[in-house]
Each structure stands twice: as C-alpha cells, then as structure tokens.
There are 2 protein chains.
Amino acid sequence: MRYSQYFIPTVKETPADAEVISHQLMLRAGMIRKVAAGVYNYLPLGLRSIRKVEQIVREEMNRAGAIELLMPMVTPAELWQESGRWEFYGKELLRFKDRKDGEFCLGPTHEEVITDIVRREIRSYRQLPINLYQIQTKFRDEIRPRFGLMRGREFIMKDAYSFDVDSSAADLSYDKMYQAYRRIFERCGLNFRAVEADTGSIGGSSSHEFMVLADSGEDAILSCSGCDYAANVEKAESRPFPEAKGELLPKEAVETPDRKTIEEVAAFLGIKPEQTVKALIVVADGEPVMALVRGDHDLNELKLKNFLGAAELEMADDEVYVKACGGPVGFAGPCGVTVRVIADQAIQGMCNFVVGGNAKDQHFRNANHRDFTVKAFADIRTVVAGDACPRCSGGKMEVWRGIEVGHVFKLGTKYSEKLKATYLDADGKEQVIFMGCYGIGVGRSVAACIEQNHDANGIIFPLPIAPFHCIVSALSVKEEPVVKASEDIYNRLAAAGVEVLLDDRDERPGFKFKDADLIGIPLRIVVGAKNLAEGKVELKHRKSGEVELLPIDEAVAKVQQLVAEALAQ
Amino acid sequence: MRYSQYFIPTVKETPADAEVISHQLMLRAGMIRKVAAGVYNYLPLGLRSIRKVEQIVREEMNRAGAIELLMPMVTPAELWQESGRWEFYGKELLRFKDRKDGEFCLGPTHEEVITDIVRREIRSYRQLPINLYQIQTKFRDEIRPRFGLMRGREFIMKDAYSFDVDSSAADLSYDKMYQAYRRIFERCGLNFRAVEADTGSIGGSSSHEFMVLADSGEDAILSCSGCDYAANVEKAESRPFPEAKGELLPKEAVETPDRKTIEEVAAFLGIKPEQTVKALIVVADGEPVMALVRGDHDLNELKLKNFLGAAELEMADDEVYVKACGGPVGFAGPCGVTVRVIADQAIQGMCNFVVGGNAKDQHFRNANHRDFTVKAFADIRTVVAGDACPRCSGGKMEVWRGIEVGHVFKLGTKYSEKLKATYLDADGKEQVIFMGCYGIGVGRSVAACIEQNHDANGIIFPLPIAPFHCIVSALSVKEEPVVKASEDIYNRLAAAGVEVLLDDRDERPGFKFKDADLIGIPLRIVVGAKNLAEGKVELKHRKSGEVELLPIDEAVAKVQQLVAEALAQ
C-alpha cells in the first residue's frame, strides 16, 4: 500500500476527550473516529488490526473444531421473552419497534438465538457435541460508554456457544475453548493472564476471564507468586489464617469519643487495625444482615451475595443500620444484635479483639467468639497483595491491573431448559443439552494491546496484529535513486507476502518518522540518499529502537525472516 | 471439512412459506434459517458462499484503488437531519431512541456517515480523489420483506463512496467502479447485464444497475440485439417512429356503445389498437395532466414524472378524471380539454387516429394533431420487446428478467452540499466535492446466483462462490479401503488448497448423493469399493452431470486443475 494513496489521518495533538492512552493513540493514529457516544468508525488502519485479530480468532476457533455461522444483529423479543431476559436484562438491551409494531432488540449477546437454532436442528446425541461461533457486531447501550473501543456501545465480538450431552462433556468443550483462548492471545502477542471470575448476569457454574495486563486496566487481578492460581478481585479466594493462641481476657467496654473509623479507634486504643473487627450492615433481598471482616480487610460484596444466594445485595442506609444494631452509625458490633451475622473466615481464629459497642462512642475491648452469635463463617473479604495463596503453600498473592478481552462460561442448562433445547439419548430418552459460551472482544483486544504496547512516540504493535508489518520510508521523493530503491524494496517485500506500507509522500523525514512511530508499524526501512550511495538502508525496530545499517538485500531478507518468525505459530 | 463434524441441516420437503427457488433451496440446503421477517441466520454453508462473494468484492475494490473501512450500523439522527433524509426517508429507515433519549437509526446506506468522515479529514485537492468502501450489515425496514435473502430487512452490503474535485473526475471514478463491478460479477460466475437505470431516491445524475439474468427476476430489462445498449424497464428509452404519410381526413364523431377499452373500441371500429391514442389523467404535484400514448403502448409513469420534474405523480381518481376531461371515465380524449397535455413521441408521426370523445360512448375517428393542443411531445412510454433500439440502427429491443445485485450512482454534490464537504483547490478556493456511490448486495448475489443456477435436484454453484469446491463421497464408511482412500483423497486435495468436504457420514449412497446435489458442490469424487478395486474413483460434474471414471491420481489432479482454472481470474 502506498501511503499517498491510502487514508491515515494522523493527528498531532492529544484529543481532549480521550482519557486513556489507547483511545488517544487510536484517534491520533487515524485508526478510529467517533460517530456518537460509544459508536465508532473503524478507519482503514484500525480495521486492518481488527481483521488481524478476527483472523487469528477464526483460525484457532476452527482448529478447536468450532463452526462459524452468522446471526443477525436485530433479534425478535419473543426469544428473549422465552429466556426471561426481555424483562431481566436492563437498559443495556436496546429495545425498539419495527414499522409493524413488532418488538425487537439489538443483540448484545446471542444465547437465545443460537439456542433457538440448536433446538430446531439438533435431535440426537449423535449430533453432539457441537460448537458454533460468529464474529459479529453487537450493541450494548452502556450507561457510560468510555475509553474508545475499550467500552463502546457498538463493538465487534466473537461469541461461541458449545452444546453437549452432559456436564462432564461440557467441561471438555470448556477446556478446549480455554486452550484455544490461550493460543489466540499468545498469537496476538499479548501479555495476559487467565483468571477465575464470577459468572455475573450470564449465569452458569464457572468462568474464566482473559486479562491483558496493563497499568491502566479497569480490573484488578490477583495471581500467586508460587503456582498457577489467578483470579479477578471479585472472585479471588482467601485462605484462613492460623488460629491465634492466647488466654481469653474478659470483655470490657471502652469509651472511644468521636473515634468512628477503624484507624481512629486502633490509634486511640494503641492497637493494630488487624486486632479489630468491623461490622457492616447490608440488605440482602430485603433482609438486613451484619457482615464482619477484620479491621484491615474489605468486605467483598459479590462474595457475600453469592454466599447468601441473594439476587440483590446493597449497603444498608442509615435508618436500616440504626435499626439493625440499635446504635448510631459508626459503632456497629456483633454483641447483642438480633440480625443474621456472617463473619469472614479470617475472624475465626482471632481472640481478644475490638468490636463496636452499638452505642455512641462505645467499643468493646477483648471481645471473643463467646460474646456473640455468628450464623456462619465464610470467605467474604477481598484478597489483597501479600495474602497467602489459597491453593499452594508458600505462595503469596500479587496484584495486577488488567483489561478483560475474553470470557469463557459454563452455562449448564440455564438457557437450554428455558428454551427447551433437548436431544434424545442412546436410549431414546429426552435430555436437556448442556451449554457453554465464550466471548472475545475484538476491538477491545486491539485497544488493550495498545495499552500494553506504547511509548511516548505512539503505538508499538506486536507484529501479528499490526496493520502493516513494515513501513518503507523514502526520505526524499525528489531524488530518483531513493524513489527507485524504495519502490524496489516495497515491491520485493510485497511479493514475498510482507504487508508493507510505502511512505511515498512528499514530506520531510522528521514528519514521516513521527507518523511511522505513531502508527506503530513494527519494522521500518529507511531509504536515504547518503546510505544508498553505499548500497545500504536502515532497518529500525519500533519496539527496541534498535537501528541496523544493512545492504538492501540483507534488509529485505531480514524483514522477511522476522515476519515469518513472528507469524509462525 | 468432515461432513459428520459440520453443520449442514438439509431438508427434504420444500418449505411452504418460500415462494422463489433460491429461498427454497437456501432453506433446504441448510444455508439460512429465518429469525424474523426478512431477518436470517446465515448457517455455515450459507456464510461460506457469502464470504466468497465478499472476498471477490474486496479484491476487486482494492484493485480499483478503493480503501476499506467500517462504519457503524447505529447512526445518529443529527447526520440524517443535516442531509434532510431524517424527514424524507420513509419507514424503511428504522428509527429508535437510546437510553438517554438520543435519536438514532439503523443505517440503510451510509452517504451521511461517510460524507461526515470526509468533510472532517479532507481539506485539499491533493487528498482527492478518494474512494472509501465497507462490507457491512445494513437494515431497511421493508414493508414486505420476501424471497429469503433476495429482499431481506437485515442484509450484507458492500457500499463504496467516491470523492472527486469535479464532475469529470467523478465520471472517471464512476467508470472505474463500473469496470470493477463487471469484473466482480464475472469472477462470481454470474450471467449478468449492466443496464442504465433511474437514480430514484438516492438522487444524482446517472446510474447503472447490474442485473443477474433469471426468469424469476423481479425486474424487467431491455437490451438491444445489435449493440451494447441495455436499460431497465423504467429507464429504457424509445425511438420515435417514422412519420405516417397520408391525407388528413375530417374528424368525425362515432358512437361506441359500452366500448371503453382500446381493444373493444378498435375491434368495434375494425382498426388496429396502434391506430388509436389513449388518454390517461395523472396528478403531478397536485396538478391534473393528460398523458397521451399510442393505444398499444403503456405509459411509463416514472418517465413522465422525470419529464415533468415532479416530486409526486399518481393516477387521478375518478373525480379528478371527470373534472379534467368533462366526460365519464373511459372516454377521455385530448380534444377541447384545458388541462396540460403531454404526448408520447410515438404519437408525433401519427395521422387519422381514434381518440376518446370526452362523452359517454363517444370517440372521434380521423383525429389529427390539428384537432387538439399538445404542450409537449416526450418519451413517456414503456419500451417493449421488438421496439427499435434508441442507439443503433437496425437493433431490436429484447426483454429479459433480472435481479438487481449492484447499483452505481453519480451523486454529484447532493450530499456534499448539504453536509458542506468541501476542499481547497490549487488556488486556495473552497470547492464542493463531487461524489459517487456504489452498492452490491452480497447475500442477494448468492440468492441471484441460485436463481440462475439450479436444477430439479438443487443448487449448481459456480465454483468461485461455491461453499466448497469439491465433495468426496465415501460410499461406505464401514469398508476400510473406502475410508482409507477417501481420507487420502481428502487430505491430498486439502493440502493442495482445494476446499473439500468429506462426506464421512454413515449413510446410504443415495442419501449422500441427494445432499451433495442439493447443496450444489461443483465437483464430486465418489469412492466406492467396486471401482476402488481397480484403483479408480468417479469424478462427477454437478453442472453437466458428466461422470468420469478415473485413476485416483488423475481424479485428484483433475480437480486441482479445474479449481485452479476457475479461480484464475
């Protein structure tokens, strides 16, 4: 491709409304343009990277035996009513009526549509397992679309759905996808972690998220320094602490005037925060519940919600708080309360700790388990850096920031039961199909890649998803030998299957280099009159900054070799 | 691909709700499934053919210098309000509101969005010409979606938009696209005609439709037997007839009791219909107009509307009719009327003809131009088979049925003026950009192909857009040598780049052959025990039905050669 005949509208200034680096760089590099909030044009350069990710996804899905099809973006209400999500799904599901008053929505995901296909076409266990996928444009009416392609409303997604005869067969399909996802993100050249995750509103029994590691990531990830264990912050399990040994002292009330926070109380009493227990009042499906966590720990609301099996869980307002513990806000404690008390397992081994006294400026010192009733101990706190690994002995948890680019779910029979997707087993008996679903955000993968791979000058694309492998910069288009050599190198590389961009614009070298750095092409051949006089050109590596002065033939051969190596996976 | 591990849900029975053959066969061959009216799932086999068309389109667009990008399906009202189409476009434009009450529509075409990109990024004549295209899912809320992919509501379209400095540069861009379209449909293996067409609601100065010829086509096409001239029926021009020589006889009133139609009057008076002139009353932008055409000709309302420059034109109701000609319905004639009279040019050379008398049961014999006032003679009739070609001498017009699969338009400055898409010329003066737009219905091309290529047994795909090039039918999967030879042939063909489907199902030969015929794979290798004993297999050509008994190596080589030949364009 000739730069002069292509369309790469680069921008010097950092756009004011772009907060994160990938959004800024994709705008500046002329990869995307905003059409409306969360809705983008993919300009030629952006589309090329997106297509690269799509193709890697496609190849690995096919290799794993999944079959590609394509479902519509406009889907009828009836299917969503059957699954119950027409009501359940919030405003992210963009609903509308057609000219005949039929109700439709833009598909944010396609469990209903694919299950409808399968229930109509699959009849026998002989037709299972099957895994069907599509690469398609989705729409989710996010309340706060932001960060460019990172959290858009209209976006390209690969979604796959597996169908199996039973739970253990579904586990095999899940594992295949898990492995395919690892290969996909490896081939894309991304530094990522697969982490255990909560299943959220999609439902199902277990799930993993694939997280691209980047400081700007919206999600916190915890992984063990000693073993493979990794999970997102919502899901990461804690390990109980060893029991504290010591004589149980008598409980005593202490005045803590105006000390409300754990830090204030601990400082006032001359103890560490981990010698206190804080009590939080939540409302789970309408019922007030007291949650206890160690003073230096944070309650993980999602864990508590899952433990209680609650559909809704939120922090109590002041009125409920006061009613539940009988004292003012800031002094809640477990002694004497009648609401259900759930304590984090870290508290199980504590003794002689401080708790709130359910009265103004009042705490109890040397509280112990004998002094209150706990309904259950459970893992309800958020894991933090330095915690012991729940799986191995000796490993410590480390914290990373990550961007979710893929998610795999075991769905069980959630959708197949609702939509009556069944098959006849070998005995002719009707059985419900077990499902899994598997998503990859294609555009978001490109954005996450840029969050992970950039410097002050612009994007640093890994070769497998770079819009072009190599850029040939003709330093002056007014000098015949430079033009001739540039064209020659361009043609030779293109003929060898290298995706090459020839910067044939009548611009100054500095201008060209700035653009080349900004758009992040991994390899650059610089053709200048001076070096050319000696039959040489510069080969610059965008990532390392390394520059090699090479004879033309060697430069061409080296680019070919580097491209072949990077794509050989 | 192994048939047993793929997803081709074929159906024996002809689906009741499918009227046209392509719709029936695409359902039966397991290529598509209906989700809602005009909204389809593309099952794996259907998607493969669609992707083939897409790839041919992409290659030819790139070859013609067009640049691929991707615009969103959800587009904001503001852009459509700027162009005026938010009001003007009918209910086919599906409008809706997002969660923040913002107004949007599903893009049925993208003139507004692309012009918005260009007006923001193109500033100088040095950046022109440019041609940007996308292959994208569109939605048009058709009042009567029908015929499967032929007239769906959600459909895949390639739309390209050219931008030029002036009208003659725009003509060059148009010609490039015209030539690219010819190559695209040739490469797809379609029998088609490029015809002159009306520009319709897209607007602009001239356009061509690309029509796949098929008896079931919705559109009538006229083409000359002697030259290149071809146009659709709405647009096809007529040639004036030579002047009739003869003595003008005196006009006389004749009673024609109860004879209203031309045929009745002509029979009653013992003359031919072409010796009569019929008068039709239309209402053009509110004004009644009398249109005259020869008795055996039909008024072409679109031609009349274009000639009058009217925004709206419809046939008059009885009340307007009676008021316009002063007599009852069925007896209108031009003599003595005060409304504007427009006559088809075929009437210009007639003499001594019969016209209506504007009174019950009354006609005039030997009417002549002296007897009434014509505001203008114009080409306002529909051309029919056998008419003289308007371009060459001696050629006769022939009528075909066709399916529109592509359409190219010269848009002029219709959108660029409204959206203020301008550039600075070499003198630094601001100028309006000239545009063209160019569409191809991707799914419809596959459907049209099937309308053109099928027999009683199913689809007969041209090789370039067949979902697979070759099917290897293992006649019995219980006989080891058959399985081994089939696998071997399958592997060898696949390794040579042939897209091959291995029918490894445990089914009877007749069952497999029926499916193979139905899904229309161009080449079939049949591996049976009997022939195999002599080291031979059958090579069957789906189109000709020809069967060759060949040694395995020869069969494999021949398939490779046939595929290479078919794709070498």
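The values are calculated or read from the model by the stated rules, or taken from the named source; none is laboratory data. These numbers were taken from a predicted model, which means no experiment stands behind them. Here the Cβ positions follow ideal geometry from the backbone for every residue, glycine too, while neighbour counts run over all protein chains shown.
Identify all residues within the stretch A:378-415 that are in a strand (DSSP E or B) and surrounded by fewer than 18 Cβ atoms within 10 Å (Cβ to Cβ); write none if there are none. A:396, A:398, A:399, A:401 - these are the residues of the stretch A:378-415 that are in a strand (DSSP E or B) and surrounded by fewer than 18 Cβ atoms within 10 Å (Cβ to Cβ).
For (1) modelled with pLDDT of 95 or more; (2) touching a Cys at 6+ places or on another chain (Cβ under 8 Å); (3) of a type outside the set (D, E, K, R), each residue gets a yes or a no:
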position	(1), (2), (3)
B:511	yes, no, yes
B:523	yes, yes, yes
B:527	yes, no, yes
B:535	yes, no, yes
B:540	yes, no, no
B:545	yes, no, yes
B:554	yes, no, no
B:558	yes, no, no
B:569	no, no, yes
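All told, residue A:14 falls short of being farther than 15 Å from residue A:155 by Cα and either within 12 Å of chain B (Cβ to nearest Cβ) or crowded, with 19+ Cβ neighbours inside 10 Å (or both).
Okay, residues lined up against (1) surrounded by fewer than 23 Cβ atoms within 10 Å (Cβ to Cβ); (2) hydroxyl-bearing (Ser, Thr, Tyr); (3) under 26 Å from residue A:68 (Cα atoms); (4) without any contact (Cβ under 8 Å) to a residue 12 or more places away in the chain:
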| residue | (1), (2), (3), (4) |
| --- | --- |
| A:420 | yes, no, yes, no |
| A:427 | yes, no, no, yes |
| A:433 | no, no, yes, no |
| A:436 | no, no, yes, no |
| A:449 | no, no, yes, no |
| A:474 | no, no, no, no |
| A:495 | yes, no, no, yes |
| A:500 | no, no, no, no |
| A:504 | yes, no, no, no |
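Residue pairs whose Cβ atoms lie under 6 Å apart, sitting 6 or more positions apart in sequence or on different chains, and linking a residue in the stretch A:21-43 that is surrounded by 24 or more Cβ atoms within 10 Å (Cβ to Cβ) to a partner that is charged (D, E, K, R) and assigned to a helix (DSSP H, G or I), are A:22/A:451. Taking the stretch A:105-120 as the range and being in contact with a Gly (Cβ under 8 Å, 6 or more places away or on another chain) and at the interface with chain B (Cβ under 9 Å from one of its Cβ atoms) as the test, only A:113 passes.
Filtering the stretch A:76-99 to residues that are at the interface with another protein chain (Cβ under 7 Å from one of its Cβ atoms) and under 26 Å from the mean Cα position of the chain (by Cα) leaves A:91, A:94. The set of residues in the stretch A:212-231 that are in contact with an Asp or Glu (Cβ under 6 Å, 6 or more places away or on another chain), surrounded by 22 or more Cβ atoms within 10 Å (Cβ to Cβ) and within 23 Å of residue A:147 (Cβ to Cβ) contains only A:214. The residue of the stretch B:49-62 that is nearest to the chain's Cα centre (by Cα), among those that are crowded, with 21+ Cβ neighbours inside 10 Å and closer than 21 Å to residue A:160 by Cα, is B:50.
Take residue A:54 and tell me if it is modelled with pLDDT of 95 or more and within 13 Å of chain B (Cβ to nearest Cβ).
Spelling it out, residue A:54 is indeed modelled with pLDDT of 95 or more and within 13 Å of chain B (Cβ to nearest Cβ).
Look at (1) away from every other protein chain (no Cβ under 12 Å); (2) at positive phi and you find that residue B:30 fails only one, number (1). Going by the conditions given, is residue B:364 in contact with a Ser or Thr (Cβ under 8 Å, 6 or more places away or on another chain) and aromatic (Phe, Trp, Tyr)? Here the answer is no, as residue B:364 does not meet what is asked.
For the stretch B:464-508, residues that are β-branched (Val, Ile, Thr) and modelled with pLDDT under 95 total 1.
Residues in the stretch A:520-569 that are surrounded by fewer than 17 Cβ atoms within 10 Å (Cβ to Cβ) and in contact with a Gly (Cβ under 7 Å, 6 or more places away or on another chain): A:551 alone.
Checking each residue in the stretch A:317-343 for being buried (at least 22 other Cβ atoms within 10 Å of the Cβ) and assigned to a loop (DSSP other than H, G, I, E, B) picks out A:331, A:332, A:333, A:334. For the stretch B:276-300, the tally of residues that are outside any strand (DSSP E or B) and surrounded by 19 or more Cβ atoms within 10 Å (Cβ to Cβ) stands at 3.
Selection within the stretch B:235-268: residues that are within 15 Å of residue B:296 (Cα to Cα) and of a type in the set (Gly, Ala, Ser). The member of this set that is surrounded by the fewest Cβ atoms within 10 Å (Cβ to Cβ) is B:267. Screening residue B:274 on (1) in contact (Cβ under 8 Å) with a residue 40 or more places away in the chain; (2) over 24 Å from residue B:339 (Cβ atoms); (3) not small (Gly, Ala, Ser) shows it passes everything except condition (1).
Here residue B:8 meets each of (1) among the β-branched types (Val, Ile, Thr); (2) touching a residue at least 60 places away in the same chain (Cβ under 8 Å); (3) within 7 Å of chain A (Cβ to nearest Cβ) with one exception, condition (3). The numbered conditions (1) in contact with a Gly (Cβ under 9 Å, 6 or more places away or on another chain); (2) more than 12 Å from chain B (Cβ to nearest Cβ); (3) surrounded by 18 or more Cβ atoms within 10 Å (Cβ to Cβ) are all true for residue A:167 except (3). If you go through the stretch B:167-182 and keep only what is in contact with a strand residue (DSSP E or B) (Cβ under 6 Å, 6 or more places away or on another chain) and farther than 25 Å from residue A:44 by Cα, you end up with just B:167.
Considering only residues in the stretch B:121-161 that are in contact with a helix residue (DSSP H, G or I) (Cβ under 8 Å, 6 or more places away or on another chain) and assigned to a loop (DSSP other than H, G, I, E, B), the one that is farthest from the other protein chains (Cβ to nearest Cβ) turns out to be B:147. The sole residue among B:65, B:46, B:102 that is at the interface with chain A (Cβ under 9 Å from one of its Cβ atoms), at pLDDT 95 or above and buried (at least 20 other Cβ atoms within 10 Å of the Cβ) is B:46.
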